[in-house]
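Engineer: This structure is in structure tokens; I'll ask about it shortly.
The values are calculated or read from the model by the stated rules, or taken from the named source; none is laboratory data. Values in this document were obtained by computation on a predicted structure and should not be read as measured data. Cβ placement follows ideal geometry from the backbone for every residue including glycine, while neighbour counts extend to all protein chains displayed. Keep in mind that these areas ignore ligands, DNA and RNA; they rest on the heavy atoms of the full protein, side chains included. Shrake-Rupley method; radii C 1.70, N 1.55, O 1.52, S 1.80 Å.
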Amino acid sequence: MLSCDICGETVSSEPDMKAHLLIVHMENEVICPFCKLSGVNYDEMCFHIETAHFEQNELERNFERINTVQYGISDNRKDSSLQCRADINSSVHSACASNQPKISAQSLPKDGTLKHKDFYSENLTESRKFLKSTEKQSDRTKIKESIYETMYSPPECPFCGKIEDNSQDMETHVKTKHADLLDTPLEGVNRVQCSRDLELAQQLQQEEDRKRRSEESRQEMEEFQKLQRQYGLDNSGGYKQQQLRNMEIEVNRGRMHPSEFHRRKADMMESLAIGVDDGKTKTSGIMEALYRYYQNAATDVRRVWLSAGVDHFHSSFGDKGWGCGYRNFQMLLSSLLQNDAYDDSLKGMSVPCIPKIQSMIEDAWKEGFDPQGASQLNDKLQGTKAWIGACEIYTLLTSLRIKCRIVDFHESTGPLGTHPRLFEWILSYYASEREGSPKVVCTSKPPIYLQHQGHSRTVVGIEEKKNRTLCLLVFDPGCPSREMQKLLKQDMEVSSLKQLRKFVGNLKHKQYQIVAVEGVLSSEEKIARRQASQVFTAEKIP
């Protein structure tokens, strides 16, 4: 802060002090702050104050102390104020030094004071006229221009932001540093506009890329969740939860009586507790009925080979949509349990319920079978609706010391995407000697587990037509008991076999895998196969 020596007003900077002195103490009438003397010029007033008011020095010191306490003004700032006044004094004196009358101590009264009337002398009047004509036309104009310049900020480059001292320097800077933008005014504007348009386009592209990545991530998550639901890995519960939920729906729709709901629930809880299937989806005696039919009818069939006895199991409320692999295992196991050759391995087992099968597969994983498959299913099947396929069936059978093999028909071997090699392999499995055998051959071979994308079935026999074409006989877990029981009638109709027969043209999936049982494993063979399953491989045809 700077303090005016004449009136004591404080200002913040030297330019402000100059303006204050010019406007208040030079353009306006000068008044003594002590005795209110007026009508004199600046130098006359300074001389009056210095001679008539000697106590001013003490007063200035008091002001200085007050300003130092209140505003923190240092000696340097005080010096700056004095220098500012000296600069203005110098400007005024230089402009009128040759003509302005001087005031000395001899021209004052004996008390050294200036009286107001004393200044209305001829000399003082002429002095004031001279100041008004000279100062206002020359030096004051220069001072005003100096003050005017301080009121404006230095020019800034519109292209790079550099600040120059004056407009001439700025013009030189722009012409030398930004000449490419100044070829023509329009061209420069266009280039700036193009730069802004490019920046905006880049921002829009970045926003578009961000939205696209977000949409792709959302779609990937939806697909992943869809696959989780499809393969039963969405943590929505397993067999028990689905069975109860679907039965509740049936009750709400009026298709099941509440008493029936509670009876089925009790049966399910008992089955889960002992780990044995309740048999409510099982149909037995079909293989015997097929034997009778082929013996007495089927005139278009040259020869047919049937597997050993097998029961049909279909999906229920608890596993509809995901339980085909488990139901096919039940069919296969039902055949093995009827074959004395497997008694030692199966140790008097019964056909397990689906949650029990899940537990058995988990136990096989814990033994060390198929670690890669276990990892893909998070080492957990119980309490889920996870699908199982040929690898899990092989793992479970091998852990029970059942000798089996996986054969992968990984690509089509016939026209129009068909798989004739698959049919030929199944024929060779059931028919070791075709010539000289009867029309209907009931083999001791277990049924074959047949897997393709999205579903699995059980092959229980194969027909050879008189025209030498082949037709598989297949149990489908998606076929309900009421349809399968039609095959048990004494006068079975040909149309009833339609649901079992699958010709070469009916199997056109890209890939098929089969699991075929071939006997019993020793303990050493079981260990060797467990070790081999660390890197799971299958026999491929072709």
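Engineer: In the stretch 268-314, what residues are assigned to a strand (DSSP E or B) and either more than 56 Å from the chain's Cα centre (by Cα) or within 17 Å of residue 352 (Cβ to Cβ) (or both)? Explain how you work it out, then say what you get.
Structural biologist: Step one: of the stretch 268-314, the residues assigned to a strand (DSSP E or B) are 276, 282-283, 301-306, 312-313.
Listed by number, the residues that qualify are 276, 282, 301, 302, 303, 304, 305, 312, 313.
Engineer: Criterion first (free of Cβ contacts under 8 Å to residues at least 12 places away in the same chain, open to solvent by 10 Å² or more (accessible area, probe 1.4 Å) and out of contact with any Phe, Trp or Tyr (no Cβ under 8 Å at 6 or more places or on another chain)) does residue 308 satisfy it? Give the steps one after another, and end with the answer.
Structural biologist: Values: free of Cβ contacts under 8 Å to residues at least 12 places away in the same chain: no; open to solvent by 10 Å² or more (accessible area, probe 1.4 Å): yes; out of contact with any Phe, Trp or Tyr (no Cβ under 8 Å at 6 or more places or on another chain): yes.
No.
Engineer: Quickly run through the stretch 276-299 and pick out the residues that are touching a strand residue (DSSP E or B) at 6+ places or on another chain (Cβ under 6 Å) and exposed (fewer than 15 other Cβ atoms within 10 Å of the Cβ).
Structural biologist: Listed by number, the list holds a single entry, 295.
Engineer: Moving on. Restricting the search to the stretch 247-268, which residues are within 28 Å of residue 458 (Cα to Cα) and surrounded by fewer than 16 Cβ atoms within 10 Å (Cβ to Cβ)?
Structural biologist: 267
Engineer: Ok, one more. If you take just the helices (runs of 4 or more DSSP H) that sit entirely in the stretch 324-419, which of them hold at least 3 residues that are in contact with a Pro (Cβ under 6 Å, 6 or more places away or on another chain)?
Structural biologist: Details: elements: 324-337, 343-346, 354-367, 371-376, 390-399.
The qualifying helices (runs of 4 or more DSSP H) are 324-337.
So that you can scan it fast, the table gives a plain yes or no per residue for (1) of a type outside the set (Val, Ile, Thr); (2) open to solvent by less than 20 Å² (accessible area, probe 1.4 Å):
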residue	(1), (2)
357	no, yes
370	yes, yes
383	yes, no
396	yes, yes
401	yes, no
404	yes, yes
412	yes, no
416	yes, no
423	yes, yes
